[in-house]
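The values are calculated or read from the model by the stated rules, or taken from the named source; none is laboratory data. Just so it is clear, the structure is predicted and the values come from calculations on it, not from any experiment. We place every Cβ from the backbone using ideal geometry, glycine too, and count neighbours over all the protein chains shown.
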């Protein structure tokens, strides 16, 4: 177990390092001359040089990378070009906001998705199974902004049940915040529902077919107890890892949802930074998102190993 | 290799029969046919739409801006007075060029990468796997945003950015299939014949793993459309004045509070119908759902 843990942790660190190189390459190397990219093609060459010197982007790339990564490790993500202020506080506020939105979406989708998967598996091959599967599959592939605008039209404009902006008044309490977050969270729920339901369904089908389930039924246990104690417990294993891998896609979706609903989260921050060519902000945002994903998949693997002894022994790279 | 040349090999004949039976099932499945018909409709619109629409999708008519759906303008007009129906029909063109090209790039790059990872294993596989993991640690939209900001948004950039961000996912599928094939006798025989690694990878292994690769490519096409639409919506994809669906929604959704629903709803439905159709086809190719 310790060996597995250590190996998994080391791999995560390697992935994180590679991610930092990719991010750095994307934000600092690809644009070529940063000062020129920010000031535009018609700016005076001297102004470009001055800006590059100010930002330190005229130094050798390796020096820049070393400088960036060592400060980032200490929690200093550099200064935003657009706001002329440290990036970290912006990032922290945005993360808290996004976490709220993601939490609402997760609290809605996890029970719904698992329930959908269970219902589908228990009605295997019947129309309700087929309908749930096709609906789940379709909801997963429709872009968030499309379901988002349709939802805004129906619930925000026509029925006027929910606010169409996710930003709440400054002194809003818990209930008001939740009220504002409900509509933006539904497109995310739609995207994730299909994955979770599909994994639960597959896990359920496998567990329903397993020998221990047959034994439990033959022992004369009531169906409800067989499903709760024997089937579900085994069926939910793969679902756990799907749920945590979906965090990354959730954050990808946040870029769009937060733009659509005017919400200041990490997705909105990355989008604004991208639009303003604010490379330090962009770079910090992207690295943070990647780090969250790596952490989530690490947690998923550990949980999985903890719950499933076979993995602990077999080892999985 | 045709069956007639090898009358003794009844196994091959049976396999061919089984394959035909599978194909027949696929073509008779309702989901596949529904999806396929919708895709055909949009492909038709993309190619011939310009010639059949009632209005020029680019022509402004400010006197008739923001008119609700009527007999003259079936889907109404947008804020510049352009006919929404004509724009929705012609809007299929760019996304149906960019997304399939991106899928092609990702399938080619991913297959080559996956073949190398699966065939050579060892150090090459470890190193490439780590890079793939790191790339997959970022949501596609974020990677695309990073690259598009750096390179400047254009349809060509979108093709390559999506192509390269999807390649690792295809590479993973290919790698897994190659690992399953790698220890089979025909590979060993080819190695004994002193065939080169490239020959074995592309001529021996590739034909045998083609079905899962094609299914994965179809699934990716759905996500490519998803991603192109999303990028266009946030302004980093297909550029104006294209009547592209995502772009039109992005240009008009600011008016949403004013009740001008027709300027965005039809574009939204168009995107939804196309991605769902591609997904239905992929589902049909997989032989129904996974049971």
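Per the conditions (1) at pLDDT 85 or above; (2) outside any helix (DSSP H, G or I), the sole criterion not satisfied by residue B:7 is (1). Residues that are outside any helix (DSSP H, G or I), without any contact (Cβ under 8 Å) to a residue 60 or more places away in the chain and within 9 Å of chain B (Cβ to nearest Cβ) were ranked within segment A:104-143; the one that is nearest to residue B:275 (Cα to Cα) is A:142.
For (1) in contact with a helix residue (DSSP H, G or I) (Cβ under 6 Å, 6 or more places away or on another chain); (2) modelled with pLDDT under 90, each residue gets a yes or a no:
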position	(1), (2)
B:79	no, yes
B:83	no, yes
B:89	yes, no
B:93	yes, no
B:97	no, no
B:103	yes, no
B:106	yes, no
B:109	yes, no
B:112	no, no
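Name the single residue, out of those in segment B:258-285 being free of Cβ contacts under 8 Å to residues at least 24 places away in the same chain and facing chain A (nearest Cβ under 7 Å), that is nearest to residue B:35 (Cα to Cα). Among residues in segment B:258-285 that are free of Cβ contacts under 8 Å to residues at least 24 places away in the same chain and facing chain A (nearest Cβ under 7 Å), the one nearest to residue B:35 (Cα to Cα) is B:272. Of all residues in segment B:76-101, those that are out of contact with any strand residue (DSSP E or B) (no Cβ under 9 Å at 6 or more places or on another chain), more than 12 Å from residue B:243 (Cα to Cα) and not in a loop (DSSP other than H, G, I, E, B) total 6.
A single member of B:148, B:138 is under 23 Å from the mean Cα position of the chain (by Cα) and outside any helix (DSSP H, G or I), and it is B:138.
Cβ-Cβ distances below 8 Å connect the following pairs, each with a first residue in segment B:51-63 that is within 17 Å of residue B:267 (Cα to Cα), a second residue that is at pLDDT below 85, and a separation of six or more residues or different chains: B:55/B:73. Scan segment A:10-57 for residues that are without any contact (Cβ under 8 Å) to a residue 24 or more places away in the chain and either on the phi > 0 side of the Ramachandran plot or assigned to a helix (DSSP H, G or I) (or both) and the total you get is 23.
Name the residue, out of A:201, A:224, A:233, A:214, that is crowded, with 17+ Cβ neighbours inside 10 Å and either free of Cβ contacts under 8 Å to residues at least 12 places away in the same chain or under 27 Å from residue A:301 (Cβ atoms) (or both). Break it down stepwise before answering.
Values: A:224 fails: crowded, with 17+ Cβ neighbours inside 10 Å; A:233 fails: crowded, with 17+ Cβ neighbours inside 10 Å; A:214 fails: crowded, with 17+ Cβ neighbours inside 10 Å.
Result of the check over A:201, A:224, A:233, A:214: A:201.
All conditions in (1) in a loop (DSSP other than H, G, I, E, B); (2) in contact (Cβ under 8 Å) with a residue 40 or more places away in the chain hold for residue A:68, with the sole exception of (1).
Of the numbered criteria (1) touching a residue at least 12 places away in the same chain (Cβ under 8 Å); (2) buried (at least 24 other Cβ atoms within 10 Å of the Cβ), the one residue A:262 fails is (2). Is there a residue in segment A:62-70 that is at negative phi, more than 14 Å from chain B (Cβ to nearest Cβ), crowded, with 16+ Cβ neighbours inside 10 Å and over 31 Å from the mean Cα position of the chain (by Cα)? No, the conditions are met nowhere in segment A:62-70.
Do we have any residue at all in segment B:237-251 that's free of Cβ contacts under 8 Å to residues at least 60 places away in the same chain, away from every other protein chain (no Cβ under 11 Å) and surrounded by fewer than 22 Cβ atoms within 10 Å (Cβ to Cβ)? The answer is yes; a qualifying residue exists. Of the candidates A:101, A:5, the single residue that is away from chain B (no Cβ under 14 Å), part of a helix (DSSP H, G or I) and at pLDDT below 80 is A:5. Scanning for something without any contact (Cβ under 8 Å) to a residue 60 or more places away in the chain, away from chain B (no Cβ under 13 Å), over 18 Å from the mean Cα position of the chain (by Cα) and part of a helix (DSSP H, G or I), does segment A:165-175 turn up at least one residue? Checking segment A:165-175: at least one residue is without any contact (Cβ under 8 Å) to a residue 60 or more places away in the chain, away from chain B (no Cβ under 13 Å), over 18 Å from the mean Cα position of the chain (by Cα) and part of a helix (DSSP H, G or I). Restricting attention to segment A:255-291, the residues being in contact with a helix residue (DSSP H, G or I) (Cβ under 7 Å, 6 or more places away or on another chain) and more than 9 Å from every other protein chain (Cβ to nearest Cβ) number 14. Evaluated against (1) over 30 Å from residue A:272 (Cβ atoms); (2) modelled with pLDDT under 90; (3) surrounded by fewer than 17 Cβ atoms within 10 Å (Cβ to Cβ), residue A:84 falls short on exactly one condition, (1). Just one residue in the set B:117, B:63, B:67 is more than 14 Å from every other protein chain (Cβ to nearest Cβ), over 14 Å from the mean Cα position of the chain (by Cα) and part of a helix (DSSP H, G or I); that residue is B:63.
Do the conditions hold for residue B:124, that is, is it within 30 Å of residue A:291 (Cβ to Cβ), away from chain A (no Cβ under 14 Å), without any contact (Cβ under 8 Å) to a residue 12 or more places away in the chain and surrounded by fewer than 17 Cβ atoms within 10 Å (Cβ to Cβ)? Criteria met by residue B:124.
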